[in-house]
Amino acid sequence: MEAFLTSTALVALAEIGDKTQLLSFVLAARLRKPWAIIAGIFVATILNHALAGSVGVWVANLIPQTWLPWIVGAVFIVFGLWTLKPDTLGDDEAPSEVHPAGAFVTTTIAFFIAEMGDKTQLATVALAANFDALGWVVLGTTIGMMIANVPAVLLGEGLAKRLPLTQIRWIAASVFALTGILTIATGLSA
């Protein structure tokens with residue numbers, strides 16, 4: 001349960017103001033099919049994070065267990081610092097046309113690609129490396145993404161203008177850093 005709750009909280013906080021959340025706003029404005037967009041985000045996230053989590057488990061098996069807490073802890077601290085930098089969405093990252101198959105396919109493709117190399121994808125790798133619970137990590141990171149992105153799709157950019165994004169970024173950065181410190185501390189005590 002710790003893997004699920006940690007994954008959900010970290011990703012939900014980290015996703016606020018992230019480029020994939022910005023993409024959710026853009027898709028909602030352009031495609032105007034909220035349920036197809038939400039379904040596309042869900043499918044893209046499950047696929048992307050299952051891949052990322054699998055990489056995390058594979059990496060964890062390659063790294064000596066005595067080093068793992070240090071490496072994963074350091075990665076979380078770096079993510080905390082990365083979270084402080086506001087994301088932007090380039091014009092080339094948002095689809096300019098709807099895929100002939102519709103809003104669901106357009107969203108799934110755009111969201112999957114946008115999530116590649118994103119901090120929440122890399123956090124999924126680190127979480128899966130840290131916890132021996134791939135399914136719970138992927139479920140948690142996916143729910144965290146949905147917690148942040150469903151309101152973005154349904155309520156639009158007006159929501160973003162009302163949220164204290166700077167404070168949320170600082171909270172997310174603190175949670176990442178604290179997770180890193182606790183991971184290292186757990187490794188020291190083991």
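R0 = 30 Å: FRET efficiency of residue 171 with residue 101, Cβ-based, nearest 0.05? Write out the running numbers ahead of the final one.
On the way: r = 38 Å, r/R0 = 1.28.
Taking R0 as 30 Å, the efficiency between residue 171 and residue 101 is 0.20.
For region 1-76, rounded, prolate or oblate, judged on the Cα gyration tensor with a ≥ b ≥ c (square roots of eigenvalues), a/c < 1.5 rounded, else prolate if a/b > b/c? Let's see the in-between values first.
Values: a/c = 2.90, a/b = 2.31, b/c = 1.25.
Note, shape of region 1-76 comes out prolate.
Using a ≥ b ≥ c from the Cα gyration tensor of region 2-189 (square roots of the eigenvalues), is it rounded, prolate or oblate, where a/c under 1.5 gives rounded and otherwise the larger of a/b and b/c decides, a/b for prolate?
Numbers: a/c = 2.39, a/b = 1.65, b/c = 1.45.
Prolate.
At a 10 angstrom cut-off on C-beta neighbours, averaged per residue, how do the peptides 9-15, 36-42 rank from highest to lowest?
Details: 9-15: 24.3, 36-42: 22.6.
The packing order, highest mean first, is 9-15, 36-42.
How would you order 63-70, 116-123 from highest to lowest mean count of nearby Cβ atoms within 10 Å?
Values: 63-70: 12.8, 116-123: 19.8.
So the order, starting with the most tightly packed, is 116-123, 63-70.
Assuming 0.36 nm per residue, please report the length gained on full extension of the stretch residue 78 to residue 29 beyond their Cα-Cα distance.
Details: separation 49, 0.36 × 49 = 17.64 nm, distance 3.29 nm.
Result for the pair: 14.4 nm of gain on full extension.
When the helix-only estimate is applied to the chain (DSSP H runs of n ≥ 4, each -39,500 (n - 2.57), divided by the residue count), what is the mean residue ellipticity at 222 nm, nearest 500 deg cm²/dmol? Before the final figure, lay out each step's value.
On the way: 9 runs with 150 residues, N = 190.
Counting only the DSSP helices, I get -26500 deg cm²/dmol.
What FRET efficiency, computed as 1/(1 + (r/R0)^6) with R0 = 25 Å and r the Cβ-Cβ distance, is obtained for residue 66 and residue 181, rounded to the nearest 0.05?
Details: r = 18 Å, r/R0 = 0.71.
Efficiency computed from Cβ-Cβ geometry: 0.90.
FYI, it's all coordinate maths here, none of it is from the lab. What you see is a predicted model; the values in this text were computed from it and never measured. No Cβ is skipped: glycine too gets one built from the backbone with ideal geometry, and neighbour counts run over all protein chains shown.
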